[in-house]
Amino acid sequence: MILAFVCSKSLKSAGREGRVHTDFDRIPKVFGSWDGVELRFEEKTYEALPTCSLLLRDYVSDKHPSMVELAVVYGTDLGDFHQPEYCLEGQGLKRVKQGAVQMHDSSGKVFTGTSLIMDDGRGGRQAFVYWFYNHGNTGTYLGSVKVGELFYRMFGGKTEPSAMVRLSTDARDGDEKAIERLKVFGGMLFSYLESEFRSSGRQ
């Protein structure tokens with residue numbers, strides 16, 4: 001508990017160094033059969049995340065029955081980050097299934113994400129896959145990312161932005177097919193995301 005408290009305070013302080021400014025222009029709107037449309041979060045989301053840059057896009061493809069939504073939170077203040085399942089439950093969705101999924105990027109690199117199936121209480125189900133990105137590594141548990149970042153800074157490491165990447169799609173064609181769609185999409189997009197995170201700086 002003491003470590004968690006120190007970690008939270010330290011990361012909060014580091015997050016005040018400034019907002020990460022990026023247009024996310026290294027993440028293509030069009031790739032493969034997918035065509036993206038730019039969206040915006042609710043205004044209260046931007047107000048609640050003053051040190052973060054946010055990306056929200058819907059991607060559609062004539063080869064897939066449902067669109068995929070990409071949401072990215074990118075900033076220096078890990079105190080502003082949350083586990084997506086808790087945020088989704090706060091929006092009234094019920095967690096039905098949760099597990100780990102393995103994805104492959106364009107080079108064959110394997111990375112792990114967390115999969116979720118959420119029920120909206122009206123007969124609709126949505127599939128989600130998310131992961132965190134920090135210093136070139138991916139993770140699925142925010143607590144571990146925060147502790148790792150704390151130790152990195154304690155030993156003189158430079159403050160760098162972190163990211164939460166969340167993919168979602170309608171699960172009308174079945175839970176497994178929906179998760180598989182997100183796994184493939186995530187693998188295709190990963191190298192672009194990594195390029196963005198490695199290149200973006202603070203204004």
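A short reminder: the numbers here are calculations on the coordinates, not readings from a lab. If you're wondering where the values come from, they're calculated on a predicted model, not measured in any experiment. Neighbour counts are summed over all protein chains in view; Cβ atoms, including those assigned to glycine, are modelled from backbone coordinates with ideal geometry.
From the phi angles alone, apply the Karplus equation (6.51, -1.76, 1.60; θ = phi - 60°) to region 31-39 and give each ³J(HN,Hα) in whole Hz, x where the residue is Gly or Pro.
My calculation for region 31-39 gives 7, x, 8, 9, 10, x, 10, 6, 10 Hz in order.
If you plug each phi of region 68-82 into the Karplus form 6.51 cos²θ - 1.76 cosθ + 1.60 with θ = phi - 60°, what whole-Hz ³J(HN,Hα) values come out, in order, with x for Gly and Pro?
Those phi angles translate into 10, 9, 10, 10, 10, 10, 9, x, 8, 9, 5, x, 8, 8, 9 Hz.
What ranking, highest mean first, results for peptides 127-137, 37-47 when packing means the other Cβ atoms within 10 Å averaged over each residue?
Top of the packing list down: 127-137, 37-47.
For residue 138, what is the net charge nearby, where nearby means another residue's Cβ is under 12 Å from its Cβ and Lys, Arg count +1, Asp, Glu -1? It would help to have the intermediate numbers written out before the result.
Working: positive: 109; negative: 105, 194.
Charge balance in the 12 Å sphere: -1.
Could you give me the percent of Cα pairs per 5 Å distance bin for region 55-108, shortest bin first, beginning at zero and ending with the bin that holds the maximum distance?
4, 11, 12, 21, 27, 16, 6, 2
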